[in-house]
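Enquirer: This is the structure I have questions about; it appears just below.
The values are calculated or read from the model by the stated rules, or taken from the named source; none is laboratory data. Fair warning: this is a prediction, and the values are worked out from it, not measured in the lab. Ideal geometry is used to build each Cβ from the backbone, glycine not excepted, and the neighbour counts take in all protein chains shown. Please note that ligands, DNA and RNA were not included when accessible areas were found on the heavy atoms of the full protein model with its side chains. Shrake-Rupley method; radii C 1.70, N 1.55, O 1.52, S 1.80 Å.
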Amino acid sequence: MFTTDSYAYTSPLKKIDPVEKGAMTVFSLLVALVGPAPLTPLLVAIFWGALTVFWARVSGRAYLKLYLLPLGFLVLGWFSLALSFSPLTGSTAGYEVGWLPAKTVWPSLGPLGGTLSIGPWQLYFTPAGLRTAGAMTARSLGALSCLYFFALTTPLTQMVGLLQALRVPTLISELMLLIYRFTFVLLDVATAIYLAQSARNGYARIKNGYFSLGQLVANLFLKAMAKGRGVFIALEARGYQGELRVLPERLEWRPARLGVLLAADVFLLALGWYLTQGV
Amino acid sequence: MPYRFRYLFWALGYLTLFSLAVPTTAHAMHIMEGFLPGRWAGFWFVVTVPFWWVGFLAIKKLVREKPEAKMLLGMAGAFAFVLSALKIPSVTGSCSHPTGVGLGAILFGPTVMTVLGSLVLLFQALLLAHGGLSTLGANTFSMAVAGPLVSYGLYRGAKALGLNTRVAVFLAASLGDLATYVVTSLQLALAFPDPVSGLGGSMLKFMGIFSLTQVPLAISEGLLTVVVFNLLHLYEGVPAAGANIFGPRRDTHVNR
């Protein structure tokens, strides 16, 4: 159903303790967020991307496709950061500090270097804005590579071990497990209803569509509550005492491996700093 | 380059941007992984902690009083997650995904929604690459704290004023979505003040650009939630707001 989920369940790194993978992820995420942009995050992206493809054996194409998912937000965000606007009547020559009128700084970029007037406003790229946007893009790529490494190698059911290590209350981790299990049940129900509705032209027009989707959601809700009660009755019949216990999996925990990867992150951080200072 | 080509260039750029960002589906405005700089990501985690705590205590109390509430909460969370995977035909002709913020707040109450919402956000980040781990705090604050509080407050307020249930539900769902969008824009503006026009200008930019997807989404979701509520009212004893749905109730419908 979900790409990342199926990769996680078939991952060669599935046997590694989620706490170990969680520590790697969180640490490299911090490095990507805090390290000097754009160099460190890009190094993190390359390093963890390579690990995901070559160590975790995720197909390169599928991996790159995952980066398309947040693309819409990235593009909109990039433009929001890179563009600035001010009133048309206000002169753009007054701001010497931090930025210069785009026209004088980017003359070779054609329309990119000029300003666009919309009504009483003018819109233009600024060097400071472009720098921030570039840093943001690099940071996002770095952080995404860490998120994908974790998501592609760790089945969600193993997350419970990680949450316990983080001292998250049992109630929350149990709830998470339940939500995960029930998601597939409800997705099945929703898909079946959707199929039946569209076979009857339920989504033929926008107005029909709203009514059909409303029916779907309402019935899904009632089904969900009924199933929830059903699960409770079934559990009670089997001696449920208010706690769901599952056998812990036998997982590998190798401090040496964790140490090496954390050291690699520190190295990337130091390299980023060194090169940024040097330039 | 002649002056009039400049407009052509911008028009083409805008269309490209539009088609990239609003292809067929518009998602709720989750801040993507790594978008926020480290300190702002941390800041929103800190701000969200008290709400998590209040929500956790509410859920704990609920489960202690009614043991079956745990299963129902699990189902409610899964319901909210599945809801975000559905597509609403949007008023602009494209599609958008419901956020379930308003529906969840009215059905389950805002405090319960904080916990369920943050778990759903975590799932969306890990399974759908939608949102992120470092931005979980910020996204929880906008989608699982601010949105539900506004929705619930409006629903309660509108009912207290004696407004029609449909109007109350529409206001709660659509303005809850809008509140989420405004809070997210504020979060983005705080992290990235504009080099020329400062915080206010940045806020306007984010609100302006994301209004393309978020305003149609709010209206679509408002309409959808009204339809859902009308249908739910056909069933006896279903949602009168708050935690009463977690209580024992006879099953009037098929349990399969």
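Enquirer: If we keep just the residues of the stretch B:167-182 that are open to solvent by less than 10 Å² (accessible area, probe 1.4 Å), hydrophobic (A, V, I, L, M, F, W, C) and more than 12 Å from chain A (Cβ to nearest Cβ), which is nearest to residue B:98 (Cα to Cα)?
Expert: By that ranking, first place goes to B:172.
Enquirer: Of everything in the stretch B:27-73, what is farther than 29 Å from residue B:211 by Cα and part of a loop (DSSP other than H, G, I, E, B)? Give them in sequence order.
Expert: B:66, B:67, B:68, listed by residue number.
Enquirer: Right, here's the next one. Would you point out which residue out of A:26, A:31 is closer than 16 Å to residue A:148 by Cβ, open to solvent by less than 20 Å² (accessible area, probe 1.4 Å) and in a helix (DSSP H, G or I)?
Expert: None of the others qualify; the one that does is A:31.
Enquirer: Another question, if that's okay. Specify which of the listed residues (A:194, A:203, A:210, A:180) is on the phi < 0 side of the Ramachandran plot, outside any helix (DSSP H, G or I) and of a type in the set (Phe, Trp, Tyr).
Expert: On the way: A:194 fails: outside any helix (DSSP H, G or I); A:210 fails: outside any helix (DSSP H, G or I); A:180 fails: outside any helix (DSSP H, G or I).
After ruling out the rest, the residue left standing is A:203.
Results for (1) touching a residue at least 40 places away in the same chain (Cβ under 8 Å); (2) open to solvent by less than 40 Å² (accessible area, probe 1.4 Å); (3) over 30 Å from the mean Cα position of the chain (by Cα), shown as yes or no for each residue.
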{"position": "A:207", "(1), (2), (3)": "no, no, yes"}
{"position": "A:210", "(1), (2), (3)": "no, yes, no"}
{"position": "A:219", "(1), (2), (3)": "no, no, yes"}
{"position": "A:226", "(1), (2), (3)": "no, yes, yes"}
{"position": "A:236", "(1), (2), (3)": "no, no, yes"}
{"position": "A:249", "(1), (2), (3)": "yes, no, no"}
{"position": "A:268", "(1), (2), (3)": "yes, yes, no"}
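Enquirer: So, one more: List pairs: first residue in the stretch B:183-198 and facing another protein chain (nearest Cβ under 10 Å) and farther than 11 Å from residue B:31 by Cβ, second residue open to solvent by 20 Å² or more (accessible area, probe 1.4 Å) and assigned to a loop (DSSP other than H, G, I, E, B) anywhere in the structure, Cβ distance under 8 angstrom, at least six positions apart or on different chains.
Expert: Note: pairs meeting the criteria are B:195/A:98; B:196/A:95.
Enquirer: In the stretch B:122-211, which helices (runs of 4 or more DSSP H) lie fully inside it and hold 1 or more residues that are among the basic types (Lys, Arg)?
Expert: By residue number, B:147-160, B:165-191.
Enquirer: Please enumerate the residues belonging to the stretch B:199-256 that are within 10 Å of chain A (Cβ to nearest Cβ), modelled with pLDDT of 85 or more and under 19 Å from residue B:158 (Cβ atoms).
Expert: B:223, B:224, B:225, B:226, B:227, B:228, B:229, B:230
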